[in-house]
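The values are calculated or read from the model by the stated rules, or taken from the named source; none is laboratory data. All of these numbers come straight from a predicted model, not from anything done at the bench. Counting neighbours? That spans all protein chains shown, and the Cβs are built from the backbone with ideal geometry, glycine included. Ligands, DNA and RNA are excluded from the accessible area calculation, which covers all protein heavy atoms including side chains. Shrake-Rupley method; radii C 1.70, N 1.55, O 1.52, S 1.80 Å.
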Amino acid sequence: MKIVVGCDHGAVELKAEVLKVLAEFKDIETEDVGTYNAESVDYPEIAEKVCGKVVSGEADRGIVLCGTGIGISMAANKIKGIRAALCGDVFSARMSREHNDANVLALGGRVTGYGPAGEIVRVWVTTEFSHGERHIRRINKMMALENK
Ligand code: RB5
């Protein structure tokens with residue numbers, strides 16, 4: 001599985017930690033699209049870079065980070081085909097995969113500590129979509145909203 005990761009200046013350190021956690025998994029390939037330092041950048045541009053690779057199929061999933069995770073998750077969810085889940089706990093991370101088939105995880109670099117974020121990432125990358133009939137129905141309805 002290929003995971004593309006990107007952040008704004010509010011989460012450069014947490015992105016480095018996330019990449020360390022992803023390196024624990026031999027079957028996960030990562031791509032880091034930046035940003036790489038504290039110089040201010042606009043999170044919608046990072047969301048577009050990461051999510052563009054997910055919707056094109058160049059990557060299987062994405063992880064986006066900003067200071068709170070809020071702006072970058074909102075921006076990610078404007079992109080057709082993206083289901084981004086802002087997660088601050090492990091239960092939400094698991095449910096976002098099992099029930100919502102989230103293809104992008106969002107984290108807040110100024111909100112979530114390294115320990116919890118690491119666990120969130122581990123659970124999110126290892127949890128499969130449940131393929132439950134009711135979940136598929138709801139996701140189809142959700143995705144249809146993109147065309148209304
Ligand atoms: C940048 O200062 C900050 O606004 C951004 O990282 C994020 O928290 C926005 O939602």
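For region 42-107, what does the alpha-carbon gyration tensor say about shape, rounded, prolate or oblate, given a ≥ b ≥ c as the root eigenvalues, a/c under 1.5 as rounded, and a/b over b/c as prolate? Each step should come with its number before you reach the end.
On the way: a/c = 2.07, a/b = 1.18, b/c = 1.75.
Judged from the Cα gyration tensor, region 42-107 comes out oblate (a/c at least 1.5, b/c at or above a/b).
As an exercise, identify the GluC sites (Glu not before Pro) in region 62-128 lying in DSSP coil whose Cβ has no more than 16 other Cβ atoms within 10 Å. Numbers along the way, then the final one.
Values: sites: E98, E119, E128; in loops: E128.
Counting only loop positions with at most 16 other Cβ atoms within 10 Å, the GluC sites (Glu not before Pro) in region 62-128 are E128.
Excluding F91 itself, calculate the net charge of residues whose Cβ lies under 13 Å from the Cβ of F91, where each Lys or Arg counts +1 and each Asp or Glu counts -1. So the environment of F91 carries a net charge of -1. For E29, the amide hydrogen comes within under 5 Å of the amide hydrogens of K2, I3, counting only partners 5 or more places away or on other chains and with H modelled in the peptide plane. Among 58-69, 33-44, the peptide with the highest mean count of other Cβ atoms within 10 Å heads the list, and the full ranking is 58-69, 33-44. Stick to Cα atoms and the Kirkwood definition of Rh, then tell me Rg/Rh for region 1-73. Taking Rg over the Kirkwood Rh, I get 0.95. For the chain, the equivalent ellipsoid derived from the Cα gyration tensor has semi-axes of 23, 17, 14 Å, listed largest first. Once each part is reduced to its C-alpha centroid, what is the distance from region 105-148 to region 1-69 in angstrom? Cα centroid to Cα centroid, the span is 15 Å.
At a 1.4 Å probe radius, carbon and sulfur cover how many percent of the accessible area of region 1-143? Intermediate values should be presented prior to the final figure.
Numbers: 3600 of 6930 Å².
Exposed carbon and sulfur together represent 52 percent of the surface.
Dividing the summed helix terms, -39500 (n - 2.57) for each DSSP H run of n ≥ 4, by the number of residues in the chain produces a 222 nm estimate of -13500 deg cm²/dmol to the nearest 500. Of the chymotrypsin sites (Phe, Trp or Tyr not before Pro) found in region 65-148, those in coil by DSSP whose Cβ has at most 16 other Cβ atoms within 10 Å are F129. Rounding to the nearest 10 and keeping the result within 0 to 90°, find how far the Cα-based axis of helix 12-22 lies from the longest principal axis of the chain. The angle comes out at about 60 degrees.
For region 74-148, how big is the tail of P(r) above 20 Å, as a whole percent of Cα pairs?
On the way: 918 of 2775 pairs.
More than 20 Å apart: 33 percent of the Cα pairs in region 74-148.
Accessible area per residue for the chain is 50 Å², calculated with a 1.4 Å probe on protein heavy atoms, without ligands, DNA or RNA.
Of the residues V123, V104, V50, the one that moves most in a GNM of the chain with alpha-carbon contacts below 10 Å is V123.
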